[in-house]
1. Among the residues of segment A:183-235, which ones are within 14 Å of another protein chain (Cβ to nearest Cβ) and touching a Leu at 6+ places or on another chain (Cβ under 7 Å)?
2. Which one of B:ILE53, B:ILE71 is over 30 Å from B:ARG134 (Cβ atoms), more than 10 Å from chain A (Cβ to nearest Cβ) and touching a residue at least 24 places away in the same chain (Cβ under 8 Å)?
3. Considering segment A:170-182 alone, what residues qualify as being among the charged types (D, E, K, R) and facing another protein chain (nearest Cβ under 7 Å)?
4. Of the residues B:ARG119, B:ARG108, only one is within 11 Å of another protein chain (Cβ to nearest Cβ) and either outside any loop (DSSP other than H, G, I, E, B) or out of contact with any Leu (no Cβ under 7 Å at 6 or more places or on another chain) (or both); which?
5. For the list (1) modelled with pLDDT of 90 or more; (2) surrounded by fewer than 14 Cβ atoms within 10 Å (Cβ to Cβ); (3) among the hydrophobic types (A, V, I, L, M, F, W, C), I need the number of the one condition that B:LEU270 fails.
6. All but one of (1) away from chain A (no Cβ under 14 Å); (2) buried (at least 16 other Cβ atoms within 10 Å of the Cβ); (3) among the acidic types (Asp, Glu) hold for B:GLU77, so report the exception by its number.
7. What about B:LEU127, is it surrounded by 15 or more Cβ atoms within 10 Å (Cβ to Cβ), without any contact (Cβ under 8 Å) to a residue 60 or more places away in the chain, away from chain A (no Cβ under 14 Å) and under 29 Å from B:LYS78 (Cβ atoms)?
8. Could you list, in sequence order, the residues of segment B:130-152 that are away from chain A (no Cβ under 14 Å) and not basic (Lys, Arg)?
Amino acid sequence: MAPAGQRQTGWWLLILPAFLLMTAFYVAPIAQVLAISFTEPQPGLGNYERLFTSESVQRVIGTTLRICTITTALALLLGYVLAYRIALAEARARRWWILVVLVPLWISVLVRAFAWVTLLRRQGLVNQALMESGLVAEPLQLVWNEFGIVVGMVHYMVPYAVLPMLASMREIDPRLLAAARGLGAPRQTVFARIFLPLSLPGLIAAGVLVFIFSLGFYITPAILGGGKTLMVAEWIGLQILDLIRWGLGTMMATVLVVTILATLAVFSRVVDLRRVFGSGA
Amino acid sequence: MSAAGHALALQGLTKRYGTFTAVDDVSLKVESGQFLTLLGPSGSGKTTILMCIAGFVAPTAGAVLLDGRDITALPPEKRDFGMVFQGYALFPHMTVAENVAFPLRVRRMGTAERAEKVRAALDLVQLDRFAERRPSQLSGGQQQRVALARALVFDPALLLLDEPLSALDKKLRAELQEELKALHRRVGRTFVNVTHDQEEALSLSDRVAILNHGKLVQEGAPTALYDRPRTRFVADFLGKSNFLHAAVQQGGAEAMQLAIGATPLVQRILPGAPHPAPGTKLLLSLRPEKIALLADGETADNMVEGRIATWSYLGAGFGLSVATQDLGMLRVTLPSWGAPIAPAEGLAIRLGWSASASVPVEEDAA
């Protein structure tokens with residue numbers, strides 16, 4: 001097998017430039033982040049000790065996990081309904097639905113966050129409508145809190161939830177649904193026993209994708225949280241840029257990266273991750 | 001399983017999609033316990049009819065009756081019909097046993113009774129050893145049998161089969177045809193099958209309904225359809241046929257004299273068939289295997305001379321194309337075992353057939 005082995009080496013050489021580029025501009029900085037988290041302000045595990053002792057660190061992590069969980073749940077719910085509707089639509093209608101889902105992806109995340117601020121603020125459209133209809137006497141606090149963050153993040157995440165779920169739903173043979181009905185199953189049973197289990201890989205994939213994306217969200221929480229509700233990414237920025245506490249910031253960044261890798265490792269055993277990120281479909 | 005089949009009737013069934021008429025005023029009756037096959041080329045409306053019976057397609061007009069009761073408006077899950085889909089539609093996330101148990105589970109049958117029925121159904125199709133496999137681990141023929149077991153396990157009023165054998169290779173198809181026929185005899189239920197394969201239709205069915213362009217062309221027992229096709233389409237679609245354009249010379253009580261050019265022909269008149277007047281143009285269907293090779297001095301009701309234009313060896317027989325003076329090219333099949341001649345291009349031969357071998361057919365409306 002010597003010639004084959006040589007040919008293998010040849011192919012590997014082709015990706016060497018890309019590999020070096022990645023190492024230089026991606027792996028090396030992350031390694032440096034990891035290093036700083038152990039060396040600043042003094043060498044040791046001091047920064048990581050904060051995970052267990054500092055109430056503010058724990059609060060940031062708690063807030064982040066809570067917001068991400070709620071966001072993921074809502075995005076999955078909305079996304080599933082949308083994907084279901086699209087998967088069962090006729091070809092022409094389906095194209096329009098997909099366009100409607102994808103359009104938000106092409107609008108800057110900054111623009112969308114500010115759009116939500118104008119809609120949700122005290123004098124915003126939503127509060128005006130609620131007050132004029134007499135449902136509330138005082139304007140509601142809809143933005144610059146967790147509620148605002150969740151609204152903005154769910155809006156951003158729904159397309160990312162729809163796409164993997166739609167891909168997995170489109171693979172379900174419609175004859176299976178007809179067969180189930182023909183064998184005596186009412187519509188809700190067909191959904192619960194056939195459609196839902198068969199779309200489960202897509203649902204899990206979408207959940208992993210949305211949750212991981214949510215963990216590192218920066219712009220949307222920063223704008224819609226108004227600096228009052230801090231999530232991990234904004235907190236890291238704050239530590240490094242404003243408070244110049246590099247050790248603490250890089251420690252949290254490391255925790256974030258490890259959490260994401262751990263989530264991926266766990267779910268790679270359950271679903272085919274290459275499919276989640278779009279290859280091999 | 002009890003041997004109680006149910007009778008099905010279609011009354012003026014019509015389905016239109018916009019301006020396209022997929023099914024055009026089809027009326028049919030299937031007696032209890034019968035095996036009916038809907039046969040037709042693709043686009044003939046046979047699958048649409050099956051889907052109307054199953055309840056997946058709502059007819060534009062007409063009615064579906066089960067034992068005289070109108071079930072046209074009933075949704076598929078309430079009809080209690082077993083169905084084997086094209087491609088089988090087995091649930092990939094369930095084992096074979098779970099697939100077969102599905103119709104019982106949705107009927108909320110108890111666990112013990114369910115297990116018993118599933119085992120009996122898998123026994124019936126000889127798949128008891130495969131209960132815990134996934135459908136993807138089975139061969140095509142095995143999957144087909146799982147689909148059958150699943151469709152029969154809940155004692156359905158009717159079994160509907162949508163091209164059940166079309167995905168299998170030829171040899172397996174023949175094997176499963178036998179099995180399907182034996183199964184039908186064993187369970188004694190009413191089967192409605194859809195196929196475009198005329199051999200399958202002839203070998204499986206008690207009755208065959210031939211469809212073309214959404215219309216029912218002819219319906220009857222396989223032998224009746226094959227030997228007495230009503231129209232040119234039926235004669236051509238079921239097996240092979242020569243078509244002869246002849247003119248009536250002289251009528252008679254049981255037979256009439258015809259002619260094509262200078263060749264005289266004799267045609268038997270079936271009881272109850274019309275007696276056409278002299279001068280009438282008739283279209284005759286003549287099956288290739290009903291034409292015999294005549295030895296020197298041998299005679300037949302109808303005789304014609306010709307030369308072999310092309311021939312092919314088919315294993316069981318020879319297929320000959322024989323060029324004749326007045327009748328044009330005739331297709332003839334001869335049994336190859338004990339054939340009196342060795343076919344060769346250009347060989348002069350005499351052909352003969354009896355007055356009842358051919359049958360007058362109608363030209364199809366365009």
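1. A:VAL190, A:ILE194, A:PHE195, A:LEU203
2. The unique qualifying residue is B:ILE53.
3. Passing the criteria: A:ASP173, A:ARG175, A:ARG181.
4. Criteria check complete, one pass: B:ARG108.
5. (1)
6. (1)
7. Yes.
8. Residues satisfying the conditions are B:PHE130, B:ALA131, B:GLU132, B:GLN137, B:LEU138, B:SER139, B:GLY140, B:GLY141, B:GLN142.
The values are calculated or read from the model by the stated rules, or taken from the named source; none is laboratory data. Here the structure is a predicted model, which means the values were calculated and not measured. Neighbour counts run over all protein chains shown; Cβ positions are idealised from the backbone, glycine included.
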